Amino acid sequence: MDEPAEIGRRVQRLRAARGMTQRQLAEPSYTAAYVSTLEAGRVRPSEAALRFLADRLGTSYEELATGRPARLATELRLGLTDAQRVLATGSAAEAAGLYGRLLADAERHGLAPERAEAHLGLGDCALETGDLEGAARHFTEAERLLADEPLPRRARAVRGRAVAHLLAGELRYACYLLESAIDELTGGGLADPEALVMLYAAVIGPYIDMGAHARAAHAAELALALAPRVDDPALVAGMHRQVARTFLAEGRIADADASLAKAQAMYRQLRLGTDLAHCHWMRGYVKAQSGELLAAEAELRTARDMLAARRAELYTAQVEVELADVLRRLGRYEEAAALLSPVLGLDDGRGAVHAGGAHRLLGLIAEERGELEAAEEHYVLALGLLERSGATGDLADLCRLLGDLLRRTGRVEAALDAYRTGLGHRAAPGTTTLGPAPAAPAVPGPRPLGADGGGAA
């Protein structure tokens, strides 16, 4: 409720607009003197008094008490579900424009829950387009606005912030954020399936990059085991959104709000498409490591198609590099090179590590074909890109490949320089070691893979 002076001015303005005297407004429950005192801001009206006056003035209690139109919050929630649908099925840039306008409206009217939802949406859009600083900023603000909410409500903000740090190369901090949230969910009796699927799927990436492959596989299995307990949201969410429009047109604000709450939750679950793609990605990686290359190809193609459909450029590029490596190992060099060609264009700050990985694979392909000059050229290009991106572990491996090539071609001193550079890029012992794995929730079905498997230094 606003301050008495602001409420008084609002009552006076609405009364004058309707051509009513203070006595006409007050009767039969109050006196003209009470209305005069209220309009002067010398008394704080009770809820009962404001509801009576709102009815006499033909407005809502909320509008009289806060100045917000009765339909505003509902209309904002309707707009947020529209923006979620656009992000899930269309353009991230278009969705960001919608979220930005909705955020401005929510801030202007002091609607904290809608502000948080808009920041979450803008964070998702920024992740899709590779704006990592913007994503972290929006998710941090959403988490601040939701600080008093239970963890399942905050899980999306935690996940988004962790993914932004992961893509920026801050692997240990991303693991810390996600594992802490998982432990809090499972240890505090808040084992919400949607929140857990979201967090388990997000932690797969940093686990892989840190060498904790068994732990990554365990997280993937848990996410897939929990996924059936999360309903497919698309059709039902669309129905709820359309029903909300009908309720709104009929003035049934509370019914519209309830329907929109269901639609918002379901559209939020559409992010599960990206999360499940990560699970297919992890399964493909694990199968490739065990030599099941055809099975790995199938899983990675599924992940790539799911991510490409969402226009998740950075994630798609990562999977394409993994898939090209499988194709290389199968001897399908032309297919691998064709897959890597578009990735070479990602040589800015966001995609340099992926372009570097593509050049590394093209170097391996050239070397296996006996094209040693081309191989060296690709390795050198990869080295420059990876140095720019700070991918320390990949740099050490690349320097080894380049050193081996130089040594085989008789350039021993140059090979030694490459090896020394690689040694300089090795991580210090213990810097990528993970702590205990988070506790696993009880899930139906067969027992998942073991959770052990800390990160490699």
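The values are calculated or read from the model by the stated rules, or taken from the named source; none is laboratory data. None of these values were measured; they are calculated from a predicted model. Here Cβ is always computed from backbone atoms with ideal geometry, including for glycine, and neighbour counts include all displayed protein chains.
Just to be sure before I move on: is Arg108 out of contact with any helix residue (DSSP H, G or I) (no Cβ under 8 Å at 6 or more places or on another chain) and in the same structural domain as Leu145 (by TED's automatic domain parsing) in the structure I sent? Show your work before the answer.
Numbers: out of contact with any helix residue (DSSP H, G or I) (no Cβ under 8 Å at 6 or more places or on another chain): yes; in the same structural domain as Leu145 (by TED's automatic domain parsing): yes.
So Arg108 fits the description; yes.
Inspect the stretch 152-165 for any residue being modelled with pLDDT under 90, assigned to a helix (DSSP H, G or I) and more than 23 Å from Gly121 (Cβ to Cβ) and give the result as yes or no.
Checked the stretch 152-165: no residue is modelled with pLDDT under 90, assigned to a helix (DSSP H, G or I) and more than 23 Å from Gly121 (Cβ to Cβ).
Conditions tested, residue by residue: (1) in contact with a strand residue (DSSP E or B) (Cβ under 7 Å, 6 or more places away or on another chain); (2) within 28 Å of Glu62 (Cα to Cα); (3) surrounded by fewer than 16 Cβ atoms within 10 Å (Cβ to Cβ).
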{"position": "Thr74", "(1), (2), (3)": "no, yes, no"}
{"position": "Ser91", "(1), (2), (3)": "no, no, yes"}
{"position": "Gly97", "(1), (2), (3)": "no, no, yes"}
{"position": "Ala104", "(1), (2), (3)": "no, yes, yes"}
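Consider Gln24 against the criteria (1) in a helix (DSSP H, G or I); (2) polar (S, T, N, Q); (3) surrounded by 15 or more Cβ atoms within 10 Å (Cβ to Cβ): it satisfies all of them except one. Which criterion is unmet?
Unmet for Gln24, out of (1) in a helix (DSSP H, G or I); (2) polar (S, T, N, Q); (3) surrounded by 15 or more Cβ atoms within 10 Å (Cβ to Cβ): (3).
Could you pull out the residue among Ala17, Ala40 that is modelled with pLDDT of 90 or more and more than 30 Å from Ala118 (Cα to Cα)? Let's see the steps before the verdict.
Numbers: Ala17 fails: modelled with pLDDT of 90 or more.
One residue alone meets the criteria, Ala40.
In the stretch 391-404, how many residues are at pLDDT 90 or above and either small (Gly, Ala, Ser) or touching a His at 6+ places or on another chain (Cβ under 6 Å) (or both)?
Number satisfying all stated conditions: 1.
Looking at (1) of a type outside the set (Val, Ile, Thr); (2) modelled with pLDDT of 55 or more; (3) not in a helix (DSSP H, G or I), which one does Ala451 not meet, given that it meets all the others?
Among (1) of a type outside the set (Val, Ile, Thr); (2) modelled with pLDDT of 55 or more; (3) not in a helix (DSSP H, G or I), the lone unmet condition for Ala451 is (2).
Give the stretch 175-198 a look and list any residue that's in contact with an Asp or Glu (Cβ under 9 Å, 6 or more places away or on another chain) and modelled with pLDDT of 85 or more, or say none.
The answer is Leu185, and nothing else.
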